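Chemist: My questions will all concern the structure given below.
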Amino acid sequence: MIARMSIELGQGTGPLRGVKVVEIAGIGPGPHACMTLADLGADVIRIERPGGQLLAGGGPHMLLNRGRPSVALDLKHPDAIRTVLELVEQADVLVEGMRPGVAERLGIGPEDCHALNPRLVYGRMTGWGQTGPFAEVAGHDMNYIAITGALYGLGQDKSRPHFPGNLLGDFGGGSTYLVIGILAALLEARTSGRGQVVDAAIVDGTAHLNTMTAAFLAAGTFKEERVANLLDGGVPYYDIYETSDGKHMSVGALEPQFYDELVRLLGIAETAPDRYDPEQADALRTLIADTFATRTQAEWVEVFEGTDACVAGIIPLSEAARHPHMAAREVFVERDGFLQPTPAPRFSRTEATLSRTAEDAGQSTREALTAWGIDGVDALIEGGAAVQA
């Protein structure tokens, strides 16, 4: 069960307890990575510009900001830069998501930080990476996954690709690989005593996520078109079907034994054409679709629940917490008046913790800087280098 008590700074219960992280706040994948580190027990201090981040918003519902206190520093002020470097001296990790060269111009680039703390793991989160002709060009999730070959094949529309929100680039190829890189570098630093820069680029991570497709392409078993392959709706037993009430079921009956269970429970085992005959694929798809259209989603869920047919009802996020399996595992919990995902993954001994509520920019400037041992916090606030919201 996930612990949900409120904790003081640095008192996380997860496996990263004792790891200290300085986050130079951005939007999207950087905050998600630092939320993950905080969820797993790290003591993360979030450095924001006064007034907060464009598009990031504030308040307790901004869940990507949960788990760490917010400190507002004006990084154009030399005293603010000195404060960041004081934090870096005692930190294990720094995370920033600015365009290449910006941190260096501010005076908090890798060389500046490693001069003070050679063991520091310096995590850099960008879309294009620190090098290459696009490195300093603006972009967003769909642009990054566009040039990796991943977006081209997404969706079940032969005429155009469809993008999956910003899950694949920002969070799949971005924050996930930043966290992996930080943890690997932290482990190596324990042996070498030296930190290093982690260049986490969404283009790199997304390409790496797509390794299995690259393998199929290399083997000559993958068609570079949509709805033409095993896992993109190209076969009728791995697809989505509409029910009589306008809702949908996901069908993933790839293996023969799972397919046999699918057609048995649909009641079409005797009439279904040969699944291996490509000439019969359209007929099989039509039969499955017509059958699903005879009942509501709830009725089909009752038929398939607990079976090996690999069929599940497709439900919106607002209903996910009430699903019996999700509820039993407490995948979502109510906190601060609304549901939110619990930390993942889970640990048998050092359970993860939902700690601090997401804060507005600068809400804990005085508290957090003091807790990290920074002297003269009131003077920083009075001089304009820091802001207490």
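The values are calculated or read from the model by the stated rules, or taken from the named source; none is laboratory data. As the structure is a computational prediction, the values presented were derived from the model and not from experiment. Neighbour counts are summed over all protein chains in view; Cβ atoms, including those assigned to glycine, are modelled from backbone coordinates with ideal geometry.
Chemist: Residue under question is residue 336, and the condition is that it be surrounded by fewer than 19 Cβ atoms within 10 Å (Cβ to Cβ) and free of Cβ contacts under 8 Å to residues at least 24 places away in the same chain; does it hold? Before the answer, list the steps.
Modeler: On the way: surrounded by fewer than 19 Cβ atoms within 10 Å (Cβ to Cβ): yes; free of Cβ contacts under 8 Å to residues at least 24 places away in the same chain: no.
So residue 336 fails the test.
Chemist: Also, quick follow-up: Go through region 64-116 residue by residue and tally those that are touching a residue at least 60 places away in the same chain (Cβ under 8 Å) and within 22 Å of residue 198 (Cα to Cα).
Modeler: 20
Chemist: Considering only helices (runs of 4 or more DSSP H) fully contained in region 302-389, which possess at least 3 residues that are closer than 30 Å to residue 22 by Cβ? Give the steps one after another, and end with the answer.
Modeler: Numbers: elements: 317-320, 324-329, 365-371, 377-382.
Those helices (runs of 4 or more DSSP H) span 365-371, 377-382.
Chemist: Assigned to a strand (DSSP E or B), farther than 17 Å from residue 114 by Cα, at pLDDT 95 or above and in the same structural domain as residue 166 (by TED's automatic domain parsing) - does that describe any residue in region 74-83?
Modeler: The first filter runs over region 74-83 and keeps only residues assigned to a strand (DSSP E or B), leaving none.
Checked region 74-83: no residue is assigned to a strand (DSSP E or B), farther than 17 Å from residue 114 by Cα, at pLDDT 95 or above and in the same structural domain as residue 166 (by TED's automatic domain parsing).
Chemist: Quick check: is even one residue across region 32-44 more than 17 Å from the chain's Cα centre (by Cα) and either charged (D, E, K, R) or surrounded by fewer than 24 Cβ atoms within 10 Å (Cβ to Cβ) (or both)?
Modeler: yes
Chemist: Could you list, in sequence order, the residues of region 358-373 that are surrounded by fewer than 19 Cβ atoms within 10 Å (Cβ to Cβ) and touching a residue at least 40 places away in the same chain (Cβ under 8 Å)?
Modeler: 360, 367, 371, 373, listed by residue number.
Chemist: State the number of residues belonging to region 98-152 that are outside any loop (DSSP other than H, G, I, E, B), within 30 Å of residue 19 (Cβ to Cβ) and not hydrophobic (A, V, I, L, M, F, W, C).
Modeler: Counting residues in region 98-152 that are outside any loop (DSSP other than H, G, I, E, B), within 30 Å of residue 19 (Cβ to Cβ) and not hydrophobic (A, V, I, L, M, F, W, C) gives 12.
Chemist: Taking region 163-192 only, how many residues are surrounded by 15 or more Cβ atoms within 10 Å (Cβ to Cβ) and more than 20 Å from residue 120 (Cβ to Cβ)?
Modeler: Filtering region 163-192 down to residues surrounded by 15 or more Cβ atoms within 10 Å (Cβ to Cβ) leaves 163-164, 166, 168-183, 185-186, 189.
Right, trim to more than 20 Å from residue 120 (Cβ to Cβ) and you get 163-164, 166, 168-174, 176.
Residues in region 163-192 being surrounded by 15 or more Cβ atoms within 10 Å (Cβ to Cβ) and more than 20 Å from residue 120 (Cβ to Cβ): 11 in total.
Chemist: Evaluate the following for residue 253: is it outside the structural domain of residue 123 (by TED's automatic domain parsing), closer than 30 Å to residue 297 by Cα and surrounded by 22 or more Cβ atoms within 10 Å (Cβ to Cβ)?
Modeler: Numbers: outside the structural domain of residue 123 (by TED's automatic domain parsing): yes; closer than 30 Å to residue 297 by Cα: yes; surrounded by 22 or more Cβ atoms within 10 Å (Cβ to Cβ): yes.
It is true that residue 253 is outside the structural domain of residue 123 (by TED's automatic domain parsing), closer than 30 Å to residue 297 by Cα and surrounded by 22 or more Cβ atoms within 10 Å (Cβ to Cβ).
Chemist: Among the residues of region 16-32, is there at least one that is of a type outside the set (D, E, K, R), farther than 19 Å from residue 197 by Cβ and assigned to a strand (DSSP E or B)?
Modeler: no
Residues checked against (1) surrounded by fewer than 16 Cβ atoms within 10 Å (Cβ to Cβ); (2) in contact with a His (Cβ under 9 Å, 6 or more places away or on another chain); (3) touching a residue at least 60 places away in the same chain (Cβ under 8 Å); (4) of a type in the set (A, V, I, L, M):
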residue	(1), (2), (3), (4)
262	no, no, no, yes
269	yes, no, no, yes
272	no, no, no, yes
281	no, no, no, yes
299	yes, no, no, no
307	yes, no, no, no
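Chemist: Which pairs turn up if I take residues in region 163-176 that are part of a helix (DSSP H, G or I) and look for partners that are of a type in the set (S, T, N, Q) with beta carbon separation below 7 Å, at least 6 apart in sequence or on another chain?
Modeler: The qualifying pairs are 168/206; 169/206; 172/206; 173/206; 175/36.
Chemist: State which residue is farthest from residue 333 (Cα to Cα) when the search covers only region 19-68 and only residues that are basic (Lys, Arg) and touching a Cys at 6+ places or on another chain (Cβ under 9 Å). Explain how you work it out, then say what you get.
Modeler: Narrowing region 19-68 to residues basic (Lys, Arg): 20, 46, 49, 66, 68.
Next, only the ones that are touching a Cys at 6+ places or on another chain (Cβ under 9 Å) stay: 46, 68.
Numbers: 46: 24, 68: 18 Å.
If we take residues in region 19-68 being basic (Lys, Arg) and touching a Cys at 6+ places or on another chain (Cβ under 9 Å), then 46 is farthest from residue 333 (Cα to Cα).
Chemist: Report whether or not residue 156 is at pLDDT below 95, at negative phi and in a loop (DSSP other than H, G, I, E, B). Talk me through it step by step, then tell me what you get.
Modeler: Values: at pLDDT below 95: yes; at negative phi: yes; in a loop (DSSP other than H, G, I, E, B): yes.
Taking the combined requirement at face value, the residue satisfies it.
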